[in-house]
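In what follows, a structure is listed as C-alpha cells, so that the remarks can point back to it.
Every number in this text was worked out from the coordinates using simple rules, so none of it is lab data. Bear in mind the structure is a predicted one, so any value in this text is a computation, not a measurement. Here the Cβ positions follow ideal geometry from the backbone for every residue, glycine too, while neighbour counts run over all protein chains shown.
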Amino acid sequence: MHHEYDEPVYLISVVAKVLTIHPQTLRQYEREGLVRPSRTDGKMRLYSQQDIDKIKMILRLTRDLGVNLAGVDVIMQLKDKIDECEDIIDSLRAEVSSLTKKEPPTKNQLVKRKNSYEIILFGE
C-alpha cells in the first residue's frame, strides 16, 4: 500500500514507537505549534510521513544540537521562508528563461542554486 507524502495515516502510538519518543513529547510539539497532525472525527491524531520527517528534524535540533523548542520554532519558520523564496526564485528563473528564449543564462547573468540546504551533524 502506497501513501502520499502528506497523507495522514499514522497514529500517535505508532509514530512514538518508530521514533522512540514518548507520545507526550509529540503532544508537546503540537502544543508548541511545531507539528500539526490531522485529526479523525473521533479527535485521534494522525501523522503523515511529512509530519514524521519534521519531527525527525526537531529531534536532531534538540538532541544533537542542543536547540531549545523556541529556537526550533524560529529555525522552522526560517526554513519555511527560505523554501518560499526558493519557489519564487524558481518561477522567476523560468519566466526569465521564457522571455529570453536563448541558451541557459551564463554564470554572470544569473546565479543558479544547485540544491537546497541540509542540516549537517558532525560526530558519532
field: In nm, spacing of pseudo-spin labels at Tyr5 and Arg31 (7 Å Cα→C-beta vector)
entry: 3.1 nm
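How high is the relative contact order of segment 10-100? Use alpha-carbon pairs under 8 Å, at least six apart in sequence, and give a whole percent. Could the numbers behind the result be given before it?
On the way: 47 pairs, mean separation 19.4, N = 91.
Relative CO of segment 10-100 lands at 21 percent.
Once you order the gyration tensor axes a ≥ b ≥ c over the Cα atoms, which shape class does segment 1-58 get: rounded for a/c under 1.5, otherwise prolate or oblate by comparing a/b with b/c?
rounded
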- prompt: Between Val67 and Ile82, what is the label-to-label distance in nm when each label sits 7 Å out along the Cα-to-Cβ direction?
  reply: 0.9 nm
task: Mind checking the full-extension length gain between Lys17 and Gln50? Use 0.36 nm per residue of separation minus the Cα-Cα distance, one decimal, nm.
output: 10.2 nm
